[in-house]
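Student: The following block contains the structure, expressed as structure tokens.
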Amino acid sequence: MTEQPPSARLKTTSVDLDMLASILDGDPNRSEGGYLDLTTGEAWPFFAFDEDGDFDPDDDRWHYVPCQGSHGSWQGMCDFIDDHVSDPVLAARLSDATTGRGAFRRFSGIIRDQEEVRDAWLRFKDERARDRARLWLLHEGIVDA
């Protein structure tokens, strides 16, 4: 869990940014999103809630988290290439890979055997996802700047 500044709406000082980012990055055509528990900071995908349980989406404890799709992740790949790939041949291959359907699979396939680039990408990708989650929390008024 990553520390966040307290807010009137958030009743904890930490939010599970990784799970929140995972929900936000989901495909809006395939997922119903999820909910952020404002008392614990935990984020849950919608499918994790049992219909017979005590979950009430109208309870002030829960804040709906929509899936926003993969555009932010795709932009992260492009930014990573521009800012972190110094080999022009590799950069060109990766740039070509980001075009069209299957971009994430092609990109991952190219860097799979390049340990240094792959590890840098994984760190960059995870931090970018957490940044998108932080921005969403600010935009929703859940945390203060």
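Student: Would you mind calculating the relative contact order of the stretch 71-128 from Cα pairs under 8 angstrom and at least 6 residues apart, reporting the percent as a whole number? Intermediate values should be presented prior to the final figure.
Tutor: Working: 32 pairs, mean separation 21.4, N = 58.
This gives 37 percent for the stretch 71-128.
Student: Given the chain reduced to its alpha-carbon atoms as identical point scatterers, what log10 I(q)/I(0) does the Debye formula return at q = 0.08 Å⁻¹?
Tutor: Each listed q maps to, in turn, -0.27.
Student: Another one. Obtain the nm distance between the two label points defined at Ala92 and Asp56 by a simple spin-label model: each point lies 7 Å from its Cα along the Cα-to-C-beta direction.
Tutor: The answer from the label model is 6.3 nm.
Student: What translational diffusion coefficient, to the nearest whole µm²/s, does the stretch 71-128 have by Stokes-Einstein, given a Kirkwood radius computed over alpha-carbon pairs, a temperature of 20 °C and 1.002 mPa s viscosity?
Tutor: On the way: Rh = 11.2 Å.
Here the translational diffusion coefficient equals 192 µm²/s.
Student: Sticking with this one: Test of understanding: extend the Cα→C-beta vector of Ser31 to 7 Å, then name every residue of the stretch 63-95 with backbone N under 18 Å from that spot.
Tutor: 63-77
Student: Would you mind getting me the FRET efficiency between Leu138 and Phe47? Use the beta-carbon distance for r and R0 = 25 Å, nearest 0.05.
Tutor: Details: r = 27 Å, r/R0 = 1.07.
Taking R0 as 25 Å, the efficiency between Leu138 and Phe47 is 0.40.
Student: Same structure again: Please compute the modelled spin-label separation between His84 and Asp131, points set 7 Å along Cα→Cβ, answer in nm with one decimal.
Tutor: 1.0
FYI, it's all coordinate maths here, none of it is from the lab. Small disclaimer: the values here were computed from a predicted structure and weren't measured. Heads up, the Cβs are rebuilt from the backbone with ideal geometry, glycines too, and the neighbour counts pull from every protein chain shown.
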